[in-house]
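*Asks:* Okay, handing you the structure first.
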Amino acid sequence: MGAAISMFVFGAITAVLSLQLPLGALRMPGSGFFPFTLGLALMALAAGHGIQLHLARPKATARQDSASPAAPEGKGATRRVALFVAGVIAAVALLQPLGYTLSSFLLMLALLQILGIRRWYSSLAIALGSAVVCHIVFVRLLQIPLPSGWVF
Amino acid sequence: MVESLQYLAEGFAVAMTAQNLLYCLIGAIVGTLVGVLPGLGPIAGIALLIPATFGLNATSALIMLAGIYYGAMYGGSTTSILINVPGETASVITCIDGYQMAQQGRAGPALAIAAIGSFIAGTVAIFGLVLIAPPLARAALAFGPPEFAALMVFAFVVLSNVTGKSLVEALMMAITGLILGTIGMDPVTGNERFTFSSPYLLGGIEFVAVAIGVFGLGEILVNAAKPPAQLEQRVLVPHLRDLYPTLQDLKRSIGAILRGTGIGFFAGLIPGPAPVIATYASYAMEKRLSRHPEEFGKGAIEGVAGPESANNAATQSAFIPLFVIGIPFGPVPAILLGALLIHGVTPGPLLISDSPQLFWAVVASMYIGNFILLLLNLPFVPLFANILRVPKKVLLPLIMLFCVTGMFSVNNSLLDIWMMLGFGVLGYVLRGWAYEGAPLLLGLVLGPKLEVAFRQSVMISHGDFGIFIERPVSLTLLLLTLGFLVFPLLKRAWELLRPTAGDGATPGSPQ
């Protein structure tokens with residue numbers, strides 16, 4: 001149901017924003033015409049889908065109980081994904097100030113820890129190794145102008 | 001036909017240059033890796049490697065990217081057979097009998113028959129391509145904006161009909177993609193749309209960011225969500241000496257391979273995720289035709305041979321609509337279209353006549369690529385299988401790092417990385433809702449083309465929508481579209497009226 005509501009809201013936002021653009025006429029559609037139509041279509045589909053889900057609700061929950069073993073882990077999964085994404089966000093934010101090589105080392109270190117590598121020295125070695133290899137391949141060999149920061 | 005074969009021979013001459021052979025080989029190897037690695041399918045893999053082709057000419061670039069595409073298809077089957085994890089959706093079916101064979105100690109013959117079947121399918125498909133592409137291009141020359149608009153609408157509806165579980169959900173994804181495609185400059189008037197005054201958004205949403213985000217990062221996050229204990233699988237690495245199938249294996253497979261090739265080739269010509277449909281159809285057909293259907297699901301070699309051949313034939317024939325009409329019918333060709341545009345090549349009815357060298361060299365390289373993959377896969381499969389022994393908790397951070405680095409190198413832009421992250425989270429959420437990313441990506445890539453075709457059509461007709469039904473080709477396409485929209489409703493109504501009817505008609509799905 002959350003999905004249908006999100007889709008409806010996205011369609012509504014699109015339609016409203018499109019109204020600020022020139023809609024034009026049918027013989028000469030303006031910039032807003034196409035997105036406005038799409039927004040309306042998305043709202044209609046999402047509404048229809050929401051109603052469809054609502055009507056089918058009792059049956060659907062009964063089926064879900066028997067066939068979704070993943071559900072009880074939902075909370076832990078969200079926590080793990082949030083941690084993982086947070087680690088990536090931090091590393092990307094540090095890309096400019098710290099430079100590519102150092103932040104890729106930190107990214108690896110953080111993600112390895114989050115995914116549960118137990119021994120800190122293995123994480124350290126893998127992270128160091130990948131940062132060095134990536135530095136050699138992407139910065140030295142392929143010469144991608146990655147941010148160099150203060151260190152490398 | 002004779003003329004085409006002559007061009008094809010010239011294509012082979014271009015593709016056989018040392019430089020292009022090297023790019024073909026690199027593409028095939030990288031593709032196999034992409035297919036084997038978790039979290040990287042052909043879509044994210046090709047998107048990631050587009051920047052690596054910037055320094056090449058368009059022909060070499062496309063040879064390499066196409067190599068990645070079918071290499072990934074091969075690699076995907078390897079993981080299906082060895083660890084019961086499909087590398088991409090087209091090898092889901094291979095899991096059923098392939099993994100069973102592996103558990104009975106017959107991983108080698110399963111892998112070998114997949115490679116041999118794919119090679120035969122590739123060989124047949126190339127002749128189909130030679131036969132069909134040039135006349136189709138001549139026919140498509142008569143297409144005007146209304147035909148193109150109708151064809152794209154048709155493609156969206158058919159793709160939505162065959163992906164995922166619900167037509168409405170898939171259509172919502174397609175429309176979301178189309179909406180995202182309107183961000184940036186209006187292709188007709190040049191007005192800014194939804195840019196929120198940001199110069200970054202003026203050029204539109206970077207489709208590589210969406211592709212890597214939704215398909216690559218989304219998959220990484222799904223894996224990261226699993227508890228550490230569930231992350232790793234047992235890997236069965238076959239020995240080289242057990243690799244070769246017996247004569248009886250070959251005898252049992254040859255029919256399945258040829259039928260799979262036929263199904264796959266035609267599936268590639270219609271809109272939709274052709275390789276996926278082709279594998280399902282081929283599996284269902286083999287099971288029905290078999291004299292011992294009870295073996296299916298327990299390690300029947302036909303269940304590997306048929307779908308794998310179908311998969312490869314569809315992969316190749318899916319290039320036909322992309323090259324000849326200029327409209328990709330599935331997500332991977334959509335990515336390749338983006339790559340072609342970056343290299344200044346606009347595929348369409350004129351491509352074959354305007355740049356025959358590029359077209360035929362790429363076709364020839366597909367054949368060479370298949371041969372390379374056959375050589376690469378038979379002896380080196382144990383090597384690739386060893387990659388699977390690297391724990392996922394090490395692979396996932398590494399792939400994440402590659403995604404960040406690769407995304408940056410497309411435009412040397414940090415904003416692209418943020419965009420990719422955003423779409424990665426979206427991809428994860430969509431997977432939670434069981435929504436498909438393919439229609440979204442296709443919508444994003446085709447959106448501007450559809451809008452231009454639509455607006456040009458109504459401008460030609462001065463606002464008369466009759467233009468879409470007065471022209472026979474667009475009328476036919478729209479009627480077919482209507483059929484695809486109405487048919488599920490009719491089927492639904494039929495099921496409601498007859499509630500006792502069973503739903504056992506669907507082909508077996510893994511577990």
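*Asks:* Dividing the alpha-carbon radius of gyration of chain A by 2.2 N^0.38 Å (N being the number of residues), what value is obtained?
*Replies:* 1.63
*Asks:* If you average 1/r over all unlike Cα pairs in the protein assembly as shown and invert the result, what Kirkwood radius do you get in angstrom?
*Replies:* That comes to 25.7 Å for the protein assembly as shown.
*Asks:* Along Cα→Cβ, 7 Å out, is where each label goes; now give me the distance between the ones at B:Thr246 and B:Ile387 in nm to one decimal.
*Replies:* That separation, rounded to one decimal, is 3.2 nm.
*Asks:* Would you please put B:270-276, B:22-28, A:95-101 in order of how densely packed they are, using the mean number of other Cβ atoms within 10 angstrom per residue and starting with the highest?
*Replies:* B:270-276, B:22-28, A:95-101
*Asks:* On average, how many beta carbons from a partner chain sit within 10 Å of the beta carbon of a residue in A:19-26?
*Replies:* 3
*Asks:* So what's the range B:365-434 giving for Rg/Rh, alpha carbon basis, Kirkwood Rh from the mean inverse pair distance?
*Replies:* Reported Rg/Rh, Kirkwood definition of Rh: 1.13.
*Asks:* Could you tell me the calculated FRET efficiency between A:Arg140 and B:Leu350, based on Cβ-Cβ distance and R0 = 35 angstrom, to the nearest 0.05?
*Replies:* Calculated transfer efficiency: 0.25.
*Asks:* In terms of Cα to Cα distance under 24 Å, which lysines are near enough to B:Lys393, apart from those fewer than 8 places away along the same chain?
*Replies:* B:Lys393 reaches A:Lys75, B:Lys226.
*Asks:* Oh, and also: Quick check: the distance between the Cα centres of the range B:339-372 and the range A:94-152, to the nearest angstrom?
*Replies:* Between the Cα centre of the range B:339-372 and that of the range A:94-152, the gap is 38 Å.
*Asks:* Percent relative contact order of the range B:1-133, based on C-alpha pairs within less than 8 angstrom and at least six residues apart?
*Replies:* Over the range B:1-133, the number comes to 23 percent.
*Asks:* Provide the FRET efficiency to the nearest 0.05 for the A:Arg119-A:Ala82 pair, computing r from the beta carbons and using R0 = 22 Å.
*Replies:* Result of the calculation: an efficiency of 0.35.
*Asks:* Let me ask something additional. For the residue pair B:His292 and B:Gln6, what label-to-label distance in nm results when each label sits 7 Å from Cα along the Cα-to-beta-carbon direction?
*Replies:* The answer from the label model is 5.2 nm.
*Asks:* Helix-derived [θ] at 222 nm for chain B: sum -39500 (n - 2.57) over DSSP H runs of at least 4, divide by residue count, nearest 500?
*Replies:* The per-residue figure over chain B is -23500 deg cm²/dmol.
*Asks:* Which Rg and Dmax, in Å, describe the Cα atoms of the range B:281-398?
*Replies:* Considering the range B:281-398 through its Cα atoms, Rg and Dmax are 19.1, 53 Å.
*Asks:* What 222 nm value per residue comes from the helices of chain A, counting each DSSP H run with n ≥ 4 as -39,500 (n - 2.57) and dividing by all residues, nearest 500 deg cm²/dmol?
*Replies:* It comes out at -24000 deg cm²/dmol, rounded to the nearest 500.
*Asks:* Taking every alpha carbon pair in the range B:69-155, what does the distance histogram look like in 10 angstrom bins from 0, in percent?
*Replies:* P(r) over the range B:69-155, rounded to whole percents: 16, 31, 22, 20, 10, 2.
*Asks:* Could you list log10 I(q)/I(0) for the range B:243-343 at q = 0.11, 0.13, 0.16 Å⁻¹, which the Debye formula gives when each Cα is one point scatterer?
*Replies:* Debye intensities relative to I(0), on a log10 scale: -0.38, -0.50, -0.66.
*Asks:* Hey, what's the Cα Rg ratio for chain B versus the globular rule of thumb, 2.2 N^0.38 Å?
*Replies:* Ratio of Cα Rg to 2.2 N^0.38 Å: 0.94.
*Asks:* Now a separate question. Within 10 Å of each Cβ in B:291-302, how many Cβ atoms from other chains are there, averaged over the peptide?
*Replies:* Averaged over the peptide's residues, the number is 0.
*Asks:* Quick one: the Cα spread of the range A:73-141 along its three principal axes, in angstroms, biggest first?
*Replies:* Ordered largest first, the range A:73-141 gives principal extents of 43, 26, 17 Å.
*Asks:* Using θ = phi - 60° and the Karplus form 6.51 cos²θ - 1.76 cosθ + 1.60, what ³J(HN,Hα) does each residue of the range B:428-438 get, whole Hz, x for Gly and Pro?
*Replies:* 5, 4, 4, 5, x, 7, 6, 8, 8, x, 4
*Asks:* Taking the Cα centre of each part, how many Å lie between the range B:389-467 and the range B:41-55?
*Replies:* 14 Å
*Asks:* To the nearest 0.05, what FRET efficiency results for A:Val132 and B:Gln104 with a Förster distance of 56 Å applied to their C-beta separation?
*Replies:* Rounded to the nearest 0.05, the efficiency is 0.85.
Bear in mind these aren't lab numbers, they're just calculated from the coordinates by the rules spelled out. Computed from a prediction, not measured in an experiment: that's the story for all the values here. A quick note on method: Cβ atoms are made from the backbone with ideal geometry, for glycine too, and the neighbour counts reach across all protein chains shown.
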